[in-house]
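Every read-out reported here was derived from the displayed coordinates using simple, explicitly stated rules and does not represent laboratory data. Everything numeric in this text was worked out from a predicted model, so none of it was measured. Positions of Cβ are generated from backbone atoms using ideal geometry, with glycine treated the same way; all protein chains shown enter the neighbour counts.
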Amino acid sequence: MKKIFTLLPALLIISQLFTQNSLTSADWQADLDFLKKAVHDDYPFLFKKITAAEWDAEVDKLYKAIPTMQQHEIIAGFGRIVASFKYGHTAMGWGHIPIQSHLVPLNLYWFSDGIYVEGCRKDYAETLGARLLKVEGIPVEKALEAVRPLTSVENEQFFKAYGLDMLLAPEALHAQGVTRSLKKTITLTLERDGKVIEKAFDTIEATRLPRSYSLITPGDEWLSVRDQSATPLYLKNLDKIYYFEYLPEYKTVYVRHSQIQDENDDPIPAFYERVFDFIEKNDVEKLVLDVRLNGGGNNYKNKPVVTGLIRCDKINQPGKLIVILGRRTFSACQNLVNEIDTYTNAIFVGEPTSENINFYGDNQRVELPNSKIPVFLSFAWWQDKPQWENADWLAPDIAVEMSFNDYRSNRDPVLETALNITSDGLIADPMAYLKELFMAKKMGELKSEAARMIADPRYKFTNFEGQLNDAGYNLMRSGQMDAAFSVFQLNTELFPGSANAWDSFGEVNWKIGKKEEAIRLYNKAITLDPDGSVGDNARNMLKQIQGSK
């Protein structure tokens, strides 16, 4: 059974001045040794995205630096070590120990057009709705890059959902080099209504913000930028885990399901029995299942949802079953959407999920002996898809993101898209469509259609380059060298700035005996990525070619 995993506010994952100040450098080093041994002895399988040698090197680096570090820097160092596994369920448990941390009293949200102040304490009302430009004079992009290593991110979506608090925590900013010293005030550069505001914010002792699903719930002390005179469907009834509503103008049943847990008085099987009964007995043509807020729970409770969708012939048809994904779709809900993807005709709309398709989930608590910090280390491998279908996320078939003005005015472009989808002319699986053109030897049409879809924002999260590259290697491994050559060549034409595309094209040229052309292509890859891993691989391949002459 998948354990319930509660994601704490990100600033509580790093920061941090213990109320107990008696720990010596030797105590911290002993805790680090304990963690290192525990990982190697009991969790060596976590070395997938980082090698054991790379991880040990970072641990040793922190060990040597501890005597020169302040306490919050040491704790941030532990956070980086744990986050380097890049599994969302493997994280530091700062919410379980007495700490004193600080934050700027704002709530940030990453919209399609930037990071904005979505909510704030009332004494900073003039900043509500402002777009964040700089943190302590550093462009926000650079500040994000600096604090990102503190979050156990699986992909960019996870960081968008859970990493922004780092920009408001002075301990995090100092530990990651954004500020030169630990400060009580943080200066932000903001833009509102075309005017640039540079303001120094007094930080406060960190508490849980009055927010639900990353969004501020306004009250006596806090303001929300969203117009409170109306509520979009995905934010209605947030006191309930799930609810459904019939939209007669669209002949659509809308379900918002935001945890994989039972309501006390309405368990999941009973709820979905009512949903499917309503669909069968009423004039319903479409079901929209909205899991964009769903951070998981118990994946053994997914069965009634999946089996109900499979059995519902009225809905389980192209264009009639729409699933809305988002940056909070995680954990047991990742399992749910994986199964829906495999066993139904669902079309996915919105943003990618924040979990890898296959991932390490359930975690166990490992308490460090001196600091008593609990570290949660994942132990269960969840593989819903074959390894060749694994990816950083489940991407939507149709990409739709929300802008700041959409949110502020209660417009939901994601739901609007879902409600207006039809099966006519819809390419739900772009790569399958391109494969059909390839098999029919319609190369001109293949190239033009691929270029059209790459430029279409609806497919912005489809990794055309990576999937074409994989297809080329699959063909090459099966001995279909001419076909592989065509696919790799197409990839260079579609993505001329990609070092990896040229590197792969170089490999197929070498394999078919075109060594001089392979040398030229590998050199092009090096030019495009002189200091990166692709450039390194190309140099190694050139050595092999030269050694084979």
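Adding -39500 (n - 2.57) for every DSSP H run of four residues or longer, then dividing by how many residues the chain holds, sets the calculated 222 nm ellipticity at -11500 deg cm²/dmol. Cα centroids of region 137-207 and region 283-347: how far apart, whole angstrom? Centre-to-centre (Cα) distance: 35 Å.
For LYS281, list the lysines whose Cα falls under 16 Å from its own Cα; do not include residues on the same chain fewer than 8 positions away. Partners found: LYS251, LYS314.
Can you tell me how region 116-252 classifies by the Cα gyration tensor, rounded, prolate or oblate, using a/c under 1.5 as the rounded cut? Taking the square roots of the gyration eigenvalues as a ≥ b ≥ c, region 116-252 is prolate. The charge dipole of region 102-224, taken about its Cα centre with unit charges on the Cβ atoms of Lys, Arg (+1), Asp and Glu (-1) only, comes to about 180 debye. Here is the list for region 219-272: chymotrypsin sites (Phe, Trp or Tyr not before Pro) lying in DSSP coil, each with at most 16 other C-beta atoms within 10 angstrom of its C-beta, are TYR250.
Derived scalar couplings between HN and Hα for region 55-65 equal 5, 4, 5, 5, 4, 5, 4, 5, 4, 5, 7 Hz in order, rounded to whole Hz, by the Karplus curve 6.51 cos²θ - 1.76 cosθ + 1.60 (θ = phi - 60°), x for Gly and Pro.
Residues whose amide H comes within less than 5 Å of that of ALA206, counting only those at least five positions distant or on another chain, are SER101, HIS102, LEU103 (H built at 1.01 Å from N in the peptide plane). Computed from backbone phi with θ = phi - 60° and the Karplus coefficients 6.51, -1.76 and 1.60, the 3J(HN,Hα) list for region 510-522 is 4, 5, 9, x, 8, 5, 5, 5, 4, 4, 4, 5, 5 Hz; x is used for glycine and proline. Just to confirm a number: summing +1 for Lys and Arg and -1 for Asp and Glu over residues other than ALA206 whose beta-carbon lies under 10 angstrom from that of ALA206, what do you get? Here the count lands on -2. Cross-linked pairs LYS460/LYS511; LYS435/LYS515; LYS236/LYS460; LYS61/LYS86: Cα-Cα separations exceed 24 Å for LYS460/LYS511; LYS435/LYS515; LYS236/LYS460.
Loop-located chymotrypsin sites (Phe, Trp or Tyr not before Pro) across region 465-549 with a Cβ neighbour count of 13 or fewer within 10 Å are lacking, with loop assigned by DSSP.
Peptide packing for 464-472, 528-536 was compared via the average number of neighbouring C-beta atoms within 10 Å per residue; ordered from the highest value, the list is 464-472, 528-536.
Give me the distance between the Cα centres of region 402-419 and region 214-251, rounded to whole Å. Centre-to-centre (Cα) distance: 13 Å. Three principal axis extents of region 461-548 based on alpha-carbon atoms, in descending order, are 34, 29, 17 Å. In a simple Cβ point-charge model (Lys, Arg +1; Asp, Glu -1; nothing else charged), region 461-548 has a dipole of about 320 debye relative to its Cα centre. Packing order of peptides 33-44, 158-169, highest average first: 158-169, 33-44 (average count of other Cβ atoms within 10 Å over each peptide's residues). The magnitude of the dipole of the chain, with charges of +1 and -1 set on the Cβ of Lys/Arg and Asp/Glu and taken from the Cα centre, is near 800 debye.
Backbone phi angles across region 386-396, fed through the Karplus curve with coefficients 6.51, -1.76 and 1.60 (θ = phi - 60°), yield HN-Hα couplings of x, 4, 6, 9, 5, 7, 4, 7, 8, 8, x Hz in residue order; Gly and Pro are listed as x.
Across all C-alpha atoms in the chain, the radius of gyration and Dmax reach 25.2, 77 Å. Less than 5 angstrom separates the built amide H of GLN480 from none of the residues sequence-distant by 5 or more or on a different chain.
Residues whose amide H comes within less than 5 Å of that of SER212, counting only those at least five positions distant or on another chain, are THR217 (H built at 1.01 Å from N in the peptide plane).
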